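The structure under discussion appears below in the form of C-alpha cells.
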Amino acid sequence: MSDGDNQNRAGARAVEEMTVSERRLATVRLAGFSDRDRELLRLFLRRPPGAGVSLSLVDDETADLVIANTQQAEGVFALRNLSDRANAPAAIGIVERFERDAPYYQVAQDSQMLFSLAQGINRIRNGWVPPVTGKPSGVRDPLDQRVTGRGGSPEIDAASASSALRSPVVPTGAAPTSTDLPWQRGLHVLVIDDSHFSREAVASALVKIGFHVQTAESGEEGLKLASKRHYDVALVDFEMPGMKGPEALRRLRALNEQAPSVLMMLTSRSGAVDRLRAKFAGCDAYLTKPTRMNEFLKKLREFAAEGRLSRS
C-alpha cells in the first residue's frame, strides 16, 4: 500500500472521528442581558452558516445552548440551574474573570467578546466539554491549519493543540490539578519578532487556541508594551535588528513586578551558546522553530504546576 493511500485512510478516519464528536447547536437562550444587548446578540447569532454561527433565539428550556451574562443574577441563576438538569444544554458564560474548572465555556467581556463567542460556539460544536467530574475536559478543536515561519517551515502547529489542551478529570471535592489549564483563554501573550510573517503566523495560531495576543516588531516596542500592562507569557525571537532577543529578555526581566510571568525564546537558532546566552538573560524556556503547539502548551503546564501562571 502506498504512502498516499495510508494518508488518505488516515484523513478519512480523522474526518469520521470529527463528525462523531460534533454536537448539534441550532437554538440559543440568552440570560442576564438587557433588551438592547439581546437584540444585538440575536442579530450576531443568526448570521448564516457561511458567515457565522447561525443560531435561532428561543426563550424556553428547549434551547441547545445557553449564553449567560455572569455579571447579572439572572445569568448566574441560569447557569446554576443547568447543573440540576439531566441532558442539560451546552452553556457559555460571559465573564469578567476566568474561573478554574467552570462547568461552562468562558468568554471574557472585552473588545474581542464576539470573536471569542463565535469561537466558543464552534468549539462546543466540535466536541468541547467542561472540566467536571466524569467527563473529559479540554477542547477538542480540529484546527488543521499549520502555521509556518520563515522558509515555510512549521512554526506552531495548531492542529496538535487539541490533545495538549485536554486536562485530567478533577474528582468531586478535590482541588484542581495544578498542571491543567482550564483558564487558557485568559492568558495574555506578547509576541516579539521582527519578521511580519512569523509574528502574525504565531499570533494567529495562539488566538485560535484562545489566548489574547499582542505583537511587537522589535525589542524596543515589546518593552513599551510590557511596561504598560502585565503579560502572562512573552515569546521573543533571538535574531532581531537593533535590540537582540537576549537583551530584550534581560530588559523585560528587569521590569520586576511588571515583567511577564514567563519569558520564552522562540527562534530558529539551536546552538548551545545561543541557549546559554538566553538562559543568562533570564529565559525560562527555549523553543526552536519549528515548534508544535502541544510542546508550547506542555511548557505552560509545567510553569502552571510551579505556580508561575496562576490566574487567581
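The values are calculated or read from the model by the stated rules, or taken from the named source; none is laboratory data. Keep in mind that this is a model prediction, so the values were computed, not measured. For neighbour counting, all protein chains shown are included, and Cβ atoms are generated from backbone atoms with ideal geometry for every residue, glycine included.
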Exercise. Does Ser198 qualify as being under 28 Å from Gln119 (Cα atoms) and assigned to a helix (DSSP H, G or I)?
Worked result: yes
For this session: Keeping to region 273-312, report how many residues are in a helix (DSSP H, G or I), within 15 Å of Gly245 (Cα to Cα) and not acidic (Asp, Glu).
Result: 7
Exercise. Just for region 256-312: of the residues that are among the β-branched types (Val, Ile, Thr) and touching a residue at least 24 places away in the same chain (Cβ under 8 Å), which one is nearest to Leu223 (Cα to Cα)?
Worked result: Val262
Problem set entry | Unmet criterion (only one of (1) closer than 30 Å to Gln119 by Cβ; (2) in a loop (DSSP other than H, G, I, E, B); (3) at pLDDT below 90) for Ser270 | (1)
For this session: Filter region 201-247 down to residues that are assigned to a helix (DSSP H, G or I) and among the β-branched types (Val, Ile, Thr), then give me how many there are.
Result: 3
Seminar exercise, completed: Scanning region 269-287 for residues that are under 24 Å from the mean Cα position of the chain (by Cα) and of a type outside the set (D, E, K, R) gives Cys283, Ala285, Tyr286, Leu287
Problem set entry | Filtered residues of region 247-275 (kept if in contact with a strand residue (DSSP E or B) (Cβ under 8 Å, 6 or more places away or on another chain) and either more than 16 Å from Ser195 (Cβ to Cβ) or of a type in the set (Asp, Glu) (or both)) | Leu249, Leu252, Arg253, Pro260, Ser261, Val262, Leu263, Met264, Ser270, Asp274, Arg275
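Quick grid of which residues meet (1) out of contact with any strand residue (DSSP E or B) (no Cβ under 8 Å at 6 or more places or on another chain); (2) of a type in the set (A, V, I, L, M); (3) modelled with pLDDT of 90 or more:
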residue: Arg150; (1), (2), (3): yes, no, no
residue: Leu190; (1), (2), (3): no, yes, yes
residue: Ser195; (1), (2), (3): yes, no, no
residue: Ala201; (1), (2), (3): no, yes, no
residue: Val236; (1), (2), (3): no, yes, yes
Problem set entry | Leu266 being in contact with a Pro (Cβ under 7 Å, 6 or more places away or on another chain), surrounded by 20 or more Cβ atoms within 10 Å (Cβ to Cβ) and not small (Gly, Ala, Ser) | no
For this session: Go through region 59-86 residue by residue and tally those that are in contact with a Gly (Cβ under 8 Å, 6 or more places away or on another chain), in a loop (DSSP other than H, G, I, E, B) and either among the β-branched types (Val, Ile, Thr) or not assigned by TED's automatic domain parsing to the domain that holds Ala102 (or both).
Result: 1
Exercise. Can you name every residue in region 56-81 that is more than 15 Å from Ala26 (Cβ to Cβ) and surrounded by 17 or more Cβ atoms within 10 Å (Cβ to Cβ)?
Worked result: Ala68, Asn69, Thr70, Gly75, Ala78, Leu79
